[in-house]
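Scroll down for the structure; my scribbles are underneath it.
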Amino acid sequence: ELEPEKGVDVLVNNAGVVSDNEGRTGDGLAEVVGVNHFGPMRFTLALLPLLSKAASKSDSSSRVVVVGSRAADLFPVLALDDDLLAEKCKGSAFAVFKAYCTSKLYNALFAFRLASLLAEKNLPITVNVVHPGWVHTNLASNVGNMQKVAAFSASLLAKDAWLGAQTSIHVASSSALEGVTGKFFENCHTAELGNRKAYDVGVQEKLWRKSLRVLGFDEDPLDTY
C-alpha cells in the first residue's frame with residue numbers, strides 16, 4: 001500500500017507478456033504492447049509526483065528501473081505508425097516474437113526519453129533499462145505449442161527467477177549507481193543495445209508523443225515540473 005506522504009523511492013516496471021491471441025486491454029490496446037509498454041509508461045507517469053517527493057526528502061535520487069530485453073535488438077526497422085497500436089500476433093510464431101521484440105524496443109525508447117526529460121528539468125529521478133537475461137518463468141504461458149518448447153528449453157538453459165532478478169535489484173539499490181541515468185544494464189554492468197534505434201532521440205520523441213496521445217494526455221505531464 002502506498003503512503004503518499006512518504007513518496008516512492010524505487011519503481012521497478014517488470015510487467016510483461018507474450019501472447020499469440022488478438023486480445024485487447026481494457027483500454028482497447030493490443031495486449032502485448034498494452035501490457036509491456038503502455039501500462040508501465042502510464043504507471044510511471046502517475047507515480048512521478050511520489051518519486052519526486054521521496055527524492056526531496058532524501059539525499060539520494062529516486063529510481064525507475066524498466067525491465068527490457070535484448071530482444072529489442074532483433075527488429076531494427078521500426079515503423080511506429082504501423083506497429084504502435086496493434087502488432088498482428090495471431091498466427092505464426094514469428095509474428096508473436098516480433099510483437100514482443102517491438103514492445104521491448106518501446107521499453108528502451110521510453111526509458112531513455114524519460115531519463116533525458118527528467119535530467120533536463122533537474123529532477124532527482126533516474127531511469128535505467130535492464131536486461132534480465134533468459135529467465136525460466138511463465139512469460140509465454142499464453143502461446144500454446146510455442147510455450148511448451150520455450151518451457152522445455154528454459155528448464156535446461158535459462159536462469160532461475162532469483163538470478164534473473166539480480167540486475168534489476170542492483171540497478172534499483174546499488175549506492176554506486178547514485179545519479180546514473182539513461183543507461184542499459186546487463187549482468188549488473190552497463191552495456192549497449194545493438195539496435196541503434198533505441199538511442200535515436202528523434203525516434204524516442206516520436207514514440208513519446210504518440211504514446212501520450214494514446215494514453216489520453218492532452219499535454220505532456222512533465223511540462224508541470
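A few points about this structure:
Conditions tested, residue by residue: (1) modelled with pLDDT of 90 or more; (2) over 18 Å from the mean Cα position of the chain (by Cα); (3) over 28 Å from THR25 (Cβ atoms).
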| position | (1), (2), (3) |
| --- | --- |
| ASP160 | no, yes, yes |
| THR167 | yes, no, no |
| LEU177 | yes, yes, yes |
| PHE184 | yes, no, no |
| ASN187 | yes, no, yes |
| ASN195 | yes, no, no |
| ASP200 | yes, no, no |
| SER211 | yes, no, no |
| LEU222 | yes, yes, no |
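- Residues satisfying the stated conditions in region 192-225, i.e. open to solvent by 30 Å² or more (accessible area, probe 1.4 Å) and among the aliphatic types (A, V, I, L, M): VAL201, VAL214, LEU215
- Of all residues in region 30-47 being crowded, with 22+ Cβ neighbours inside 10 Å and small (Gly, Ala, Ser), the one that is modelled with the highest pLDDT: GLY34
- Annotation: of all residues in region 55-95 being open to solvent by less than 30 Å² (accessible area, probe 1.4 Å) and assigned to a helix (DSSP H, G or I), the one that is modelled with the highest pLDDT is ALA55.
- If only residues of region 123-140 that are in a strand (DSSP E or B), among the hydrophobic types (A, V, I, L, M, F, W, C) and closer than 16 Å to GLY164 by Cα are counted, the one that is modelled with the lowest pLDDT is VAL135.
The values are calculated or read from the model by the stated rules, or taken from the named source; none is laboratory data. Everything quoted here is computed from the prediction, not taken from an experiment. Virtual Cβ from ideal backbone geometry, glycine too; neighbours counted across all protein chains shown. Side chains are part of the model used for accessible areas, which takes the heavy atoms of the whole protein and leaves out ligands, DNA and RNA. Shrake-Rupley method; radii C 1.70, N 1.55, O 1.52, S 1.80 Å.
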